[in-house]
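Remarks on the structure that follows.
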Amino acid sequence: MKIGWRRFARPSFWGVVVLTIVLGGGAGVYAIVTDLTDVKNVQPPARLQVAKFQLTTGAITLKTTTFSARFVITDTCNQPVSGALVYVTAVPYNQFSVPNEQQTGSDGWATLEMNRLSGFPATPKQQLLVMFVRARKSGEPTLTGISNRRLISFRVTR
């Protein structure tokens, strides 16, 4: 008899965990558990994580005037979290506008749009756009509790 767990990696199946038990060469699903966590239910020592990020408007070029980026927020158990607040800004500052914090939806994703400012590109040879991303719970201090921060980057194409 073999017992194993499998976690699906595709966003449409996030949070779906399947336990399979193999008896005599046949496999069967024993239990399926689905879970989407509300930010109100995340308590220390658990933390929020910026688990994934992607551009939704295509590649960033030296001529880009606006772009949108999506971020998925999970807890430390890799469950998507709804209701978390997401803040993002370009580093160094003054390259793109700083959008208002956005709340994650029921799928754990938040989309933020940024507009070009006079500081982009920081240099004519800029290859990466570095972003500071923070996820937090509303009403908690930004430096404590379950909040978390991450530096990410997107390639600047020519």
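Counting Lys +1, Arg +1, Asp -1, Glu -1, what net charge surrounds Lys63 among other residues with beta carbon under 11 Å of its beta carbon?
That sum, taken over residues with Cβ under 11 Å, equals +2.
Indicate the gyration tensor shape class of segment 38-157 (rounded, prolate or oblate), computed on the Cα atoms with a ≥ b ≥ c the square roots of the eigenvalues: a/c under 1.5 is rounded; otherwise a/b larger than b/c is prolate and the rest oblate.
It is prolate, given that a/c is not under 1.5 and a/b is the larger ratio.
Just to verify a number: FRET efficiency for Asn41 and Asn94, C-beta to C-beta distance, R0 = 41 Å, to 0.05?
Efficiency computed from Cβ-Cβ geometry: 0.60.
Please list 3J(HN,Hα) in residue order for segment 43-53, calculated via the Karplus relation 6.51 cos²θ - 1.76 cosθ + 1.60 where θ = phi - 60°; whole Hz, with x for glycine and proline.
10, x, x, 4, 9, 7, 9, 8, 7, 9, 8
Using mean Cβ contacts within 10 Å as the protection proxy, how do 44-52, 79-87, 127-135 order, highest first?
79-87, 127-135, 44-52
What are the ³J(HN,Hα) couplings of segment 105-110, residue after residue, when phi is run through the Karplus curve with 6.51, -1.76, 1.60 and θ = phi - 60°? Round to Hz, x for glycine and proline.
x, 5, 9, x, 9, 10
All other residues with a Cβ under 10 Å from the Cβ of Val133 taken together, and with Lys, Arg as +1 and Asp, Glu as -1, what is their net charge?
+3
Every read-out reported here was derived from the displayed coordinates using simple, explicitly stated rules and does not represent laboratory data. Worth saying up front: this structure is predicted, and the values here are computed from it rather than measured. Because the Cβ atoms are built from the backbone with ideal geometry, glycine has one as well, and the counts that use them run over all protein chains shown.
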